[in-house]
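*Asks:* I am attaching a structure below and will ask some questions about it afterwards.
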Amino acid sequence: MSHGAPAPGGVLQRSSSSEGAAQGHEDNERKVRRREKNRVAAQRSRKKQTQKADNLHKEYECLEQENTSLKREIGKLTDEMKHLSEVLRDHEKVCPLLHCTLNFGLMPRHDVLNGPLPR
């Protein structure tokens with residue numbers, strides 16, 4: 001049932017049945033176009049959301065690899081530091097400069113023997 005514009009007294013006037021059918025057909029076409037436009041927009045939005053999730057996942061994997069690599073490097077550097085500390089301790093035991101009474105003139109002998117070598 002289709003209605004025209006309200007009459008001055010507020011009563012709706014009926015339009016002819018052919019006008020109503022044409023109007024109904026136009027309304028239906030608008031709905032179909034609007035639904036199609038909405039479907040395409042929703043599809044585009046879902047695709048964009050999926051791409052964003054994929055990009056985040058790739059970034060996560062890269063960061064995980066970098067983290068693993070950095071942890072491995074920390075382990076290697078820690079081992080190297082332990083080794084070099086042992087080498088230094090062994091060297092300090094036999095270093096003639098550390099046992100010389102004239103070494104490092106201003107530095108008290110106690111500090112020289114207990115601390116690391118001056119740089």
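The values are calculated or read from the model by the stated rules, or taken from the named source; none is laboratory data. Being a predicted model, the structure only gives us computed values, none of them experimental. A quick note on method: Cβ atoms are made from the backbone with ideal geometry, for glycine too, and the neighbour counts reach across all protein chains shown.
*Asks:* Pick out the one residue from G20, G4 that is at pLDDT below 95, part of a strand (DSSP E or B) and touching a Ser or Thr at 6+ places or on another chain (Cβ under 8 Å).
*Replies:* Numbers: G20 fails: part of a strand (DSSP E or B).
Testing whether each residue is at pLDDT below 95, part of a strand (DSSP E or B) and touching a Ser or Thr at 6+ places or on another chain (Cβ under 8 Å) leaves just G4.
*Asks:* Somewhere in segment 35-45, is a residue among the hydroxyl-bearing types (S, T, Y) and at pLDDT 95 or above?
*Replies:* Filtering segment 35-45 down to residues among the hydroxyl-bearing types (S, T, Y) leaves 45.
In the following step, the residues that additionally are at pLDDT 95 or above were identified as 45.
Checked segment 35-45: at least one residue is among the hydroxyl-bearing types (S, T, Y) and at pLDDT 95 or above.
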